[in-house]
1. Find how much the distance from B:SER277 to B:THR182 grows on full extension, using 0.36 nm per residue of separation minus their present alpha carbon separation; answer in nm with one decimal.
2. Tally Lys and Arg at +1 and Asp and Glu at -1 over the other residues with C-beta under 12 Å from the C-beta of A:VAL111: what net charge comes out?
3. Which value, in debye to the nearest 20, describes the size of the charge dipole of the stretch A:98-200 about its Cα centre when Lys and Arg Cβ atoms bear +1, Asp and Glu Cβ atoms bear -1, and nothing else is charged?
4. Would you mind finding the longest exposed-site-free stretch of chain A, with exposed trypsin sites (Lys or Arg not before Pro) meaning DSSP loop and at most 10 other Cβ atoms within 10 Å?
5. What Kirkwood Rh does the stretch A:98-200 have if only Cα atoms enter the pairwise 1/r average? Answer in Å.
6. What is the magnitude of the charge dipole of the stretch B:193-242 about its Cα centre, with +1 placed on the Cβ of each Lys and Arg, -1 on the Cβ of each Asp and Glu, and no other charges, expressed in debye to the nearest 20?
7. Using the structure shown, list the pairs from A:LYS14/A:LYS191; A:LYS194/A:LYS230; A:LYS10/A:LYS221; A:LYS137/B:LYS238; A:LYS209/A:LYS230 with a Cα-Cα distance above 27 Å, or answer none.
8. Which distance in Å, rounded to a whole number, links the C-alpha centroids of the stretch A:138-155 and the stretch A:56-119?
Amino acid sequence: MNLIVAIPSKGRLKDRSLEILAAAGYKVELPEDNRGYQGSINGKSGVEIAFLSASEIARELANGNVHLGITGEDLAREKIADVENRLGFALQLEFGHADVIVAVPDAWVDVETMADLDDVAAGYRARYGRRLRIATKYWNLTQEFFSDHGIAVYRIVESLGATEGAPAAGSADVIVDITSTGSTIRANHLKILKDGIILRSQANLMVSKSAAWDAENTRIKSDLLSAIAKNLSS
Amino acid sequence: MTSHLAVLKRFFGDREFSLPQIALLQPADPFLDTAGEDLRRRVFMTRDLDGASLCLRPEFTIPVCLSHLESGREQGRYAYLGNVFRQRRHGPAEFLQAGMEIIGGEQRAGSRESLVKDVACVVTALDALAHCGMKKTRVIFGDQAIFEALLLALELPDAWRARLGRAFGDSRKFESDLQLITSSGPALEGSDPELRNALNNMDLQAVTDWVAIKMANANMPFDTGRSAEDIAERMIAKAELAATQLSSEQRRILDAFLDIEVPLASAVEELHEFSRSMAIDIDDAIGTFGWRAEQLTKQEDKDVTFSWRASFGRPLDYYTGIVFEIFQSGSPEPVCGGGRYDHLMNMLGADSEIPAIGFSLWIDRLPGDTK
């Protein structure tokens, strides 16, 4: 069985992934019609490229259907339960930087830390007849982070886009979202809590722990990883 | 297992508990609203065609409370038996629970009636376990009320009292909250000069105005959630607290209290000794605690031992008084957990506070089948 490397099927993540592979001597041959979802590596046998959506990559790695994959750490940690036992975060690829953060309205001058938010959340029901609402698409990261801060009493409002607009729209009180520069957060009159950085994410080359690792695949993987690592550090 | 179930069904039936029908599939909101979003990771969720969240029942107390509310009755004694479903790292996700809830009636927190019901609840739990063939037991008690009394006696600022009261029973959170209080730093650093000025003057109106402008700039809704005044009030309270610190003496008293673990029979003596040596007045709370402890101690015999652990509580905001866990002697996992939850009915939609107490049994942890 060939070693399968999954890379994002579109956008900047795809372009940067192809660049990094090419720079390491693994030039990806795109399918001829340019719409297919499989590729190969020029001059290397035994390696296949699978183009998948960024969140599918995390899932396929976890299920062992692909051997290696490039995707955001945020997606892997959000989508995969017990992630440390199922994936190895082999290489940080120095692109796709984004932080998953907790942000509250700028007008909440009294809330600067998670401890402040804990205080506010605790009093919410008694004062406003409902729990504090958090808009996010990061259900799992939010629950883990809040639980680590001892905050249990809040409700998540599922957000499928434009999360940063939820407080102004009145559909949530605070948000957990991804940001790279913080400008969208500021533009929406929100602020990031001082200790509200849940994850500093970037694109990672990940290794599936449950894929079929025969001697040949293991060798190809080691070569590929060291070629990319060498290239990143130079 | 089946015979434990049969025994318990008969046990509750003989004592005239009603057995409400509790559906396997439950609306998820009441669980998530009360126990918190954290529960979502531990329940099996699904959705109906309209998109409403449902879950397999993760426990019985909340559905029993809801069915009590629906019945419109003033008080009720309920029992339940059946499977519950929880996502767990170890052990099967589906397991049996049985238990009872006593809801409503005369049992205001701290009243004699409430203490009588506290004792009755523990006695019923022990009795139920004995019927299942479990004779040698160890019971550990905790009490939120006496801890709250200590916080009051220490004359801590309201915000800290609320924070520590919430963390009671969660030692990790408690410790981090204590750290926070012990090292409260300047709250005003980096803030806008106009705001800083308003805060220095403790000018609620000026701070409110400042916040209201921020809210208007952000187009934030004024009619839902925190108002400018709420935010300003908390900001001023916080600014006041920035100058205050938990004294090492207060810290020492809290630590000493939370270290106490004694046989229930000597708990009152221990508490008097503690309050004398620390020069704090929690006599009223000791009186209430002591009356109940005395009644409970009468239930002790060579097979049943009671102890009180000062740090034992449940960090959920609907527990209010006594909590207990029952262990088979020599086993680390409780076979029974119970407690008083006077705030829960209110959270589930009751117009006023309806006091309640109950326990549940982990049937699969009970010793071998009796058949």
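The values are calculated or read from the model by the stated rules, or taken from the named source; none is laboratory data. These numbers come from a predicted model, not from an experiment. Positions of Cβ are backbone-derived with ideal geometry, glycine not excepted, and every protein chain shown enters the neighbour counts. When the accessible area is computed, the model is the full protein with side chains, heavy atoms only, and any ligands, DNA or RNA have been set aside. Shrake-Rupley method; radii C 1.70, N 1.55, O 1.52, S 1.80 Å.
1. Values: separation 95, 0.36 × 95 = 34.20 nm, distance 2.29 nm.
Between B:SER277 and B:THR182, full extension yields an extra 31.9 nm.
2. Values: positive: A:LYS191, A:LYS194, B:ARG226, B:ARG234, B:LYS238; negative: A:ASP106, A:ASP110, A:GLU112, A:ASP116, A:ASP118, A:ASP119, A:ASP173, A:ASP195, B:ASP230.
In short, -4.
3. On the way: 11 positive and 14 negative charges, 70 e Å.
So the dipole magnitude of the stretch A:98-200 works out to roughly 340 debye.
4. A:36-234
5. On the way: mean 1/r = 0.0750 Å⁻¹.
After inverting the pairwise mean of 1/r, the radius is 13.3 Å.
6. Values: 5 positive and 8 negative charges, 42 e Å.
Here the stretch B:193-242 has a charge dipole of around 200 debye.
7. On the way: A:LYS14/A:LYS191 31 Å; A:LYS194/A:LYS230 35 Å; A:LYS10/A:LYS221 24 Å; A:LYS137/B:LYS238 32 Å; A:LYS209/A:LYS230 23 Å.
As for pairs spanning more than 27 Å Cα to Cα, those are A:LYS14/A:LYS191; A:LYS194/A:LYS230; A:LYS137/B:LYS238.
8. 14
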